[in-house]
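The values are calculated or read from the model by the stated rules, or taken from the named source; none is laboratory data. The structure presented is a predicted model; accordingly, all values stated were derived computationally and were not measured. Here the Cβ positions follow ideal geometry from the backbone for every residue, glycine too, while neighbour counts run over all protein chains shown.
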Amino acid sequence: MDRGAGSTSPASPTGAGAEVVPPIEWGFVRKIGIGAIALIASAAALGAVAFALDGTTEPTPHWWGHTVRLFLVLFGAVAAGAAVSMRPDLWRAWGLGAGAAALAVVGTPAHWDSFRLLFGAMAAVALVWAALRAGPSRYRVPVLSALLLFHFSGIFFATTTPPATPWVTEQAFIRVYNPYLQFVYLRNAYHFYSPEPGPASVLVFLLKTETGTDAQGRKQYATRWVVVPKRPGDVRDPLGLTYYRRLSITEQVARSVPYGLATHPYERLDLIARRRQVPIPSPRTDDEFLVQYRLPQPEVARYVIPSYASHVILEHTTAEEAKKTTVKMYRLEHSTMGVDEFTNWRKLPDANTNPYHPMMFRPYFLGEFNARGDLLNPQEPMLYWLIPIVNRPGVTANTPNRRTFIDFLSIHALDPLNLSIDEVDDARFKDRVFDWNQLR
């Protein structure tokens, strides 16, 4: 047979590729797509029924119907993805995928907000691609080229944002690229390890659940400490990826306002310092003030910190306990030890060479919240201030029943108990004070 016999034009829909692997019939793909939408619509309808019965925006996260909704959305999303993958050349398949993803935003329970965001992004991508497939083919290459150019330009500007920042980078990054790169999380790696990594942060929470009153009518609390992230519970894979992802989440809380904007224009630094309760040396310079007082950025204080506090309460209490529970939230900044502190330990016998010693952490108080994420006392004297861990004079490692440091973190967190410095080390309160070994 002649080699060229029976060949068809590459542009023909009945070309050699189509003869070897014929495309799946559109009718079959449509049935799968419609079935996927029906499953997700059932999850949305179940949420609407719960809303009508409960009378609130979302029923309690512990409601059994949420599990049913999640499975319906899961199976529907997989089916919709299968339908799109069968005929990615048809704009109608992408339209079904966009509809299923948009409906999944409503079908997913509200406390799974990350998945709602994911489905919203998927719906937008599928809708754009459906429009490209439906339009003339000559527009696809220019549009895709523009999208790729925008994406990689954002990465370029991210690498040039550290000081000194060029004017073009500063304007383009702040006005255009920063929201996009934050959304796709492509900023983190470009600012690490050049030349030195900054301190990491760990979040520590004290949950206080009201249990009643004592004989004098004072409220009694059951307390519980929660650390995020925590070893070994959050190390769920051989490489510890789950732990380090949670560690990067805590860095969202570390973003603070520069010193020039950290104070109210009518509020002097000494007046801010006067509100403190813990005896900290008064800051003498702006640099000391930056170490002792860290005002979070507005979006962090308004959204991120309250959402973390609410999540911890709902995660570690029942629905009934959550109504009587508040949480005190602290960010522990873990200082990086210098090389000299390790290499010259023989010449510096009094130096601390333990990187996990409590004095290597700087606790910053971020507020006390209820289960709804409401800040209970915006005028809290120690709000956003450093609560230090300092040396205890006259106490050595050989002193029985006494620690070599003063744990102001436990003293501040357990304020209703009115613990003194010595009582923090008392065996009676051992189960209530913070266990620093959790940070190892």
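Quick notes on this structure:
- Residue list for the range 231-245, restricted to those being surrounded by fewer than 10 Cβ atoms within 10 Å (Cβ to Cβ) and not acidic (Asp, Glu): Pro232, Pro238, Leu239
- Listed by first and then second residue, the pairs with beta-carbon distance under 6 Å, at least 6 apart or on different chains, first residue in the range 203-218 and over 26 Å from Lys230 (Cα atoms), second part of a strand (DSSP E or B), are Thr211/Gln220; Thr211/Ala222; Gly212/Gln220; Thr213/Lys219; Asp214/Gln220.
- Test result for Ala146, outside the structural domain of Trp63 (by TED's automatic domain parsing), touching a Lys or Arg at 6+ places or on another chain (Cβ under 9 Å), over 18 Å from Ala36 (Cα atoms) and aliphatic (A, V, I, L, M): no
- Condition check for Ile421: in contact with a helix residue (DSSP H, G or I) (Cβ under 8 Å, 6 or more places away or on another chain), at pLDDT below 85, closer than 30 Å to Glu210 by Cβ and part of a helix (DSSP H, G or I): no
- Enumeration of residues in the range 93-118 that are surrounded by fewer than 16 Cβ atoms within 10 Å (Cβ to Cβ) and either polar (S, T, N, Q) or modelled with pLDDT of 90 or more (or both): Ser114
- Some residue of the range 157-178 being modelled with pLDDT of 85 or more, among the small types (Gly, Ala, Ser) and surrounded by fewer than 15 Cβ atoms within 10 Å (Cβ to Cβ): no
- In the range 246-278, of all residues being of a type in the set (Lys, Arg) and surrounded by 15 or more Cβ atoms within 10 Å (Cβ to Cβ), the one that is modelled with the highest pLDDT corresponds to Arg246.
- Only a single criterion out of (1) in a loop (DSSP other than H, G, I, E, B); (2) more than 21 Å from Val227 (Cα to Cα); (3) at pLDDT below 80 is not satisfied by Asp340, namely (1).
- Some residue of the range 223-230 being at pLDDT below 50, surrounded by 15 or more Cβ atoms within 10 Å (Cβ to Cβ) and either touching a helix residue (DSSP H, G or I) at 6+ places or on another chain (Cβ under 9 Å) or farther than 24 Å from Asp435 by Cβ (or both): no
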